[in-house]
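Values in this text are rule-based calculations from the coordinates and carry no lab data. A quick note: this is a predicted structure, and the numbers were derived from the prediction, not measured. Cβ coordinates were reconstructed from backbone atoms using ideal geometry, including for glycine residues, and neighbour counts include every protein chain displayed.
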Amino acid sequence: MLRTENATIRFGGLVAVNSVNMHIKEGQITALIGPNGAGKTTTFNMISGVYRPTEGKVFFNGQEVNGIPPFKMNHMGMSRTYQNINLFKSMSVQDNVLVGMHPRISHGLTDCILRTKKSRAEEKACLEKAEELMEFVGLTHKRNTPAGSLPYGEQRLLEIIRAMASDPKLLLLDEPAAGMNTTEKVELSETILRIKDKGFTVLLVEHDMKLVMNISDYIYVLNFGTKIAEGLPAEIQSNPDVIAAYLGGE
Ligand SMILES: Nc1ncnc2c1ncn2[C@@H]1O[C@H](COP(=O)(O)OP(=O)(O)OP(=O)(O)O)[C@@H](O)[C@H]1O
Ligand SMILES: [Mg+2]
């Protein structure tokens with residue numbers, strides 16, 4: 001579904017992503033791990049079109065996507081969450097989810113003003129879908145709560161369903177468990193597995209190794225922008241380079 005070919009991002013003299021080759025398979029949960037500053041978020045920004053690769057290429061569904069801006073990548077079937085939560089804080093939970101559907105809405109301003117049959121049908125379908133998504137993560141009872149008033153863990157869940165609302169093929173999750181307590185993390189693991197069961201392909205950046213090892217099908221490890229390992233969770237856990245750079249003696 002997604003492939004990077006010698007993808008590199010330079011910020012002045014700093015090589016944040018150094019000639020990285022990755023291959024994300026459809027229907028799988030792929031994790032991208034590594035120490036702080038390893039280049040994980042920069043890789044997300046490159047894949048989602050925020051940054052154009054300085055060198056190398058990114059392919060999405062077989063098409064080269066270098067230089068395609070994020071909103072177009074979203075139209076093409078890629079959606080993401082942010083390491084620093086990025087919700088519309090004063091808008092309700094439901095409205096945040098509805099905003100996520102924007103790329104899939106075909107009626108325009110005139111349809112809205114005239115309340116055409118098309119606009120009413122589409123609005124109804126959107127509300128039903130928002131309902132399903134809120135139910136999926138247990139946020140139905142908070143539909144009218146402003147997003148900024150939700151506890152941290154629920155804000156993360158809302159970001160995930162807002163990203164799912166555009167029916168992406170590939171969902172990028174940047175540290176979805178950050179700030180969550182142990183119970184919330186266990187629930188999040190189950191939620192991500194249910195997302196996979198729904199047919200989404202997931203790329204996950206996460207520091208919680210228990211979560212990563214439990215749910216990932218395949219793992220890439222970055223250190224100082226360079227890929228130092230890739231493999232199945234068991235292979236990564238016993239890889240001496242990964243242990244030295246990131247996992248430590250645990
Ligand atoms: N826009 C930017 N301009 C200059 N340097 C940047 C920029 N964005 C990231 N960097 C640098 O690139 C490197 C990789 O940063 P990145 O945020 O991708 O790391 P990360 O793996 O996501 O780390 P963390 O686990 O802390 O989130 C860091 O040295 C960072 O300071
Ligand atoms: Mg990051």
Sites Ser106 and Lys210, calculated FRET efficiency, Cβ-Cβ separation with R0 45 Å, nearest 0.05: 0.60
Note: probe point = Cα of Gln83 + 7 Å toward Cβ; backbone nitrogen < 17 Å; residues of the stretch 175-201 passing the test are 175-180
For Tyr82, the residues 5 or more places away or on another chain with a placed amide H closer than 5 Å to its own amide H are Asp174
Lys40: which lysines have alpha carbons under 26 Å from its alpha carbon, excluding same-chain residues fewer than 8 sequence positions away? Lys25, Lys57, Lys72, Lys89, Lys169, Lys185, Lys196, Lys198, Lys210, Lys227
Can you work out the Karplus-derived ³J(HN,Hα) for every residue in the stretch 125-137? Use 6.51 cos²θ - 1.76 cosθ + 1.60 with θ = phi - 60°, whole Hz, and x for glycine or proline. 4, 5, 5, 5, 5, 4, 4, 4, 5, 5, 5, 4, 10
Inter-label distance, nm, simple model (7 Å from Cα along the C-beta direction), Glu235/Asp197: 2.8
Simple SL model, points at 7 angstrom along Cα→Cβ for Asn61 and Asp167; separation in nm is 1.1
Karplus-derived 3J(HN,Hα), 6.51/-1.76/1.60, for each residue of the stretch 190-197, Hz, glycine and proline x: 5, 4, 5, 5, 5, 5, 4, 4
Classify the stretch 97-219 from the C-alpha gyration tensor, please: rounded if a/c falls under 1.5, else prolate or oblate depending on whether a/b exceeds b/c. prolate
What ³J(HN,Hα) values, in whole Hz, does the Karplus curve 6.51 cos²θ - 1.76 cosθ + 1.60 give for the stretch 41-57 when θ = phi - 60°, with x put for Gly and Pro? 5, 4, 4, 4, 5, 6, 5, 8, x, 5, 10, 8, x, 5, 9, x, 9
Pairs of Cα atoms under 8 Å, at least six residues apart: use those to get the relative contact order of the chain, whole percent. 28
Pairwise label distance in nanometres, Thr183 with His23, each label 7 Å out on the Cα-Cβ vector: 4.3
